[in-house]
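Below is one structure; the comments refer to it alone.
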Amino acid sequence: MEIGKRNYKKVEYHNLLAAFKNLITAKHEEEEPITVTSPLLPDLKEFISYLEDIWNRKWLTNNGHYHQELEKALCEYLKVPYISLFTNGTLPLMVALQALRISGEVITTPYSFVATTHALWWNDIKTVFVDIDPRTGNMDPDKIEAAITPKTTAIMPVHVYGNPCDTQRIQEIADKYNLKVIYDAAHAFGVDVKGESVLNAGDISTLSFHATKVYNTVEGGALICHSEEMKKRIDHLKNFGFEDETTVVAPGINGKMDEIRAAYGLLNLKQVDDAIASRKCVAEAYREGLKDVKGIRCMCDLPQVKHNYAYFPIFIDKAEYGLSRDDLYEIMKSRNILGRRYFYPLISEFSTYRGLASANPANLPIAHQIANSVICLPMHAGLSKKDIERVIKVIRK
Ligand code: T4K
């Protein structure tokens, strides 16, 4: 009899708990989805007039008119000496490694999009992970020297979320050990430090112009280098290695951007400053709205940096906030607020890399802590005040 009563109470408790969970996570169908990002789109009429011009020219790819125009315009906008356009942001990473003849081992970060290390894997280069700085999410320069071996040939840091790496420290280490530096600057479009583009650091920097980025060409990317000779080599490598009609100088690949996307990119360049200004307002509103929420940390703007507000990550401390990161992520999702856990899981947790000695979680405690606590909030130029308030309200609750 006693046992039956206890079981009844247990069932009742579980029913209540389930009902409560349903209440929290019940889909609020009436609320429009707010996605983590939304692409910056050029004016359609203007784009159509560019398309008409392309139709008239009948020149669709292979270093055409708009391709050349966009390279020129981007050099000027980004304040960089040489730029080569690509068809996405992964190929310039792969080509950079070829162009600089990198082999052996490369030191990089586990806290990035997986394309960073896949580029190493495709070049038969061993990935060596080092831990990150929790303030920026970037590779911790203090951890680099201990990871250098006689096989190390390069360092490949990432300016995560557009936060500039400590490029000076990294260059000092690279110079000391005669290493190349390739920056995966996929997130760092338009980011300046002390008035200079962060894209000028290192031997090569690469950009992604994917639809989800601050500046997009639908799919697309670019590589920034510092000499005419290197640009020539890269342009050969992205075009099968062709130097002229009958000469192949290297085992190149096809990484070329076409005319349609170059034209789209030229138009988007006209509005990217306004888009970044709007993003800044979104970041300020989030910071203000969340500043007194215990257990939620936002990243700060860094001194002397012109940020691009590519992402807005928050970090959840379960003990202080009362809910885990995944609880909050699910609650947001149930309210159609579609944040993303960039970058969880860490790259070092994927099966391709998990077996590496440097992928051992004991080597990467900060990266694990950050990856397990992050949610990137919706961040794009089209977010309304109401959207931002909706996001803040759910987190505050
Ligand atoms: N290095 C780093 C550090 C990178 O972050 C990336 C790319 C690369 C290298 C390689 O560059 P790419 O080869 O990709 O150019 C996205 C992007 O696909 C990827 O470019 C990006 N990093 C990564 C961080 O995020 P997903 O799988 O999260 O995207 P997806 O399709 O789930 O889109 C996210 C949200 O964006 C959607 O929920 C809605 C919105 N969206 C997306 C698309 C594609 C739109 O509104 N419209 C769209 O067309 O990977």
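If the requirement is being surrounded by 18 or more Cβ atoms within 10 Å (Cβ to Cβ) and either under 25 Å from residue 352 (Cβ atoms) or touching a strand residue (DSSP E or B) at 6+ places or on another chain (Cβ under 7 Å) (or both), which of these qualifies: 138, 123?
Numbers: 123 fails: surrounded by 18 or more Cβ atoms within 10 Å (Cβ to Cβ).
Going through 138, 123 in turn, the sole match is 138.
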*For the range 37-48, indicate whether the set of residues that are buried (at least 23 other Cβ atoms within 10 Å of the Cβ), assigned to a helix (DSSP H, G or I) and modelled with pLDDT of 95 or more is non-empty.*
no
*Are any residues in the range 318-354 part of a helix (DSSP H, G or I), touching a Lys or Arg at 6+ places or on another chain (Cβ under 8 Å) and within 13 Å of the ligand (Cβ to nearest atom), and if so, which ones?*
none
*Quick check: anything in the range 142-149 buried (at least 19 other Cβ atoms within 10 Å of the Cβ), on the phi < 0 side of the Ramachandran plot and within 16 Å of the ligand (Cβ to nearest atom)?*
no
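In the list 384, 351, 373, which residue meets the criterion of being outside the structural domain of residue 189 (by TED's automatic domain parsing) and closer than 30 Å to residue 149 by Cα?
Numbers: 384 fails: closer than 30 Å to residue 149 by Cα; 373 fails: closer than 30 Å to residue 149 by Cα.
Among 384, 351, 373, only 351 is outside the structural domain of residue 189 (by TED's automatic domain parsing) and closer than 30 Å to residue 149 by Cα.
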*asked:* Is it the case, given these coordinates, that residue 278 is part of a helix (DSSP H, G or I), at pLDDT 95 or above, under 20 Å from residue 159 (Cβ atoms) and among the polar types (S, T, N, Q)?
replied: no
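Report whether or not residue 57 is more than 15 Å from the ligand (Cβ to nearest atom), surrounded by fewer than 21 Cβ atoms within 10 Å (Cβ to Cβ), more than 27 Å from the chain's Cα centre (by Cα) and under 28 Å from residue 232 (Cα atoms). I'd like the intermediate steps shown before the answer.
Values: more than 15 Å from the ligand (Cβ to nearest atom): yes; surrounded by fewer than 21 Cβ atoms within 10 Å (Cβ to Cβ): yes; more than 27 Å from the chain's Cα centre (by Cα): yes; under 28 Å from residue 232 (Cα atoms): yes.
So residue 57 fits the description; yes.
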_Given the criteria at pLDDT 95 or above and of a type outside the set (Val, Ile, Thr), does residue 119 qualify?_
yes
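Which of the residues that make up the range 102-134 are more than 16 Å from residue 180 (Cβ to Cβ) and part of a strand (DSSP E or B)? Let's see the steps before the verdict.
Looking only at the range 102-134, we keep the residues that are more than 16 Å from residue 180 (Cβ to Cβ), and these are 109-115, 117-118, 121-122, 124, 129-134.
If the condition is that a residue be more than 16 Å from residue 180 (Cβ to Cβ) and part of a strand (DSSP E or B), then 129, 132 are the ones that fit.
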*Test residue 261 against the criterion of being of a type in the set (Lys, Arg), surrounded by 15 or more Cβ atoms within 10 Å (Cβ to Cβ) and in contact with a helix residue (DSSP H, G or I) (Cβ under 6 Å, 6 or more places away or on another chain), and give yes or no.*
no
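Let's see how each residue does on (1) touching a strand residue (DSSP E or B) at 6+ places or on another chain (Cβ under 9 Å); (2) of a type in the set (Phe, Trp, Tyr); (3) under 27 Å from residue 43 (Cα atoms):
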position	(1), (2), (3)
254	yes, no, no
265	yes, no, yes
286	yes, yes, no
290	yes, no, no
322	no, no, no
334	no, no, no
346	yes, no, no
358	yes, no, no
362	no, no, no
*Which of the residues spanning the range 234-250 are closer than 26 Å to residue 113 by Cβ, of a type outside the set (A, V, I, L, M) and away from the ligand (no atom under 15 Å from the Cβ)?*
235, 239
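For residue 153, are the conditions met, namely being within 21 Å of residue 95 (Cα to Cα), crowded, with 23+ Cβ neighbours inside 10 Å, touching an Asp or Glu at 6+ places or on another chain (Cβ under 9 Å) and modelled with pLDDT of 95 or more? Walk me through it before giving the result.
Values: within 21 Å of residue 95 (Cα to Cα): yes; crowded, with 23+ Cβ neighbours inside 10 Å: no; touching an Asp or Glu at 6+ places or on another chain (Cβ under 9 Å): yes; modelled with pLDDT of 95 or more: yes.
It is false that residue 153 is within 21 Å of residue 95 (Cα to Cα), crowded, with 23+ Cβ neighbours inside 10 Å, touching an Asp or Glu at 6+ places or on another chain (Cβ under 9 Å) and modelled with pLDDT of 95 or more.
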_Among the residues that make up the range 27-39, is at least one of them within 16 Å of the ligand (Cβ to nearest atom) and among the charged types (D, E, K, R)?_
yes
*Which of the residues belonging to the range 256-315 are at positive phi and of a type in the set (Ser, Thr, Tyr)?*
309
*Which residues, taken from the range 241-270, are assigned to a helix (DSSP H, G or I) and of a type in the set (S, T, N, Q)?*
268
*Taking only pairs six or more apart or across chains, which ones have beta-carbon atoms under 9 Å, a first residue in the range 356-370 that is surrounded by 15 or more Cβ atoms within 10 Å (Cβ to Cβ), and a second residue that is part of a helix (DSSP H, G or I) and of a type in the set (Val, Ile, Thr)?*
359/347
*So, of the residues in the range 185-218 that are part of a loop (DSSP other than H, G, I, E, B) and of a type in the set (D, E, K, R), which turns out to be farthest from the ligand (Cβ to nearest atom)?*
194
*Residue check: is residue 367 on the phi < 0 side of the Ramachandran plot, part of a helix (DSSP H, G or I) and within 16 Å of the ligand (Cβ to nearest atom)?*
yes
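The values are calculated or read from the model by the stated rules, or taken from the named source; none is laboratory data. The model shown is predicted, which means the values in this text are computed figures rather than measured ones. Don't worry about glycine lacking a Cβ; one is built from the backbone with ideal geometry, like all the others, and counts go over all protein chains shown.
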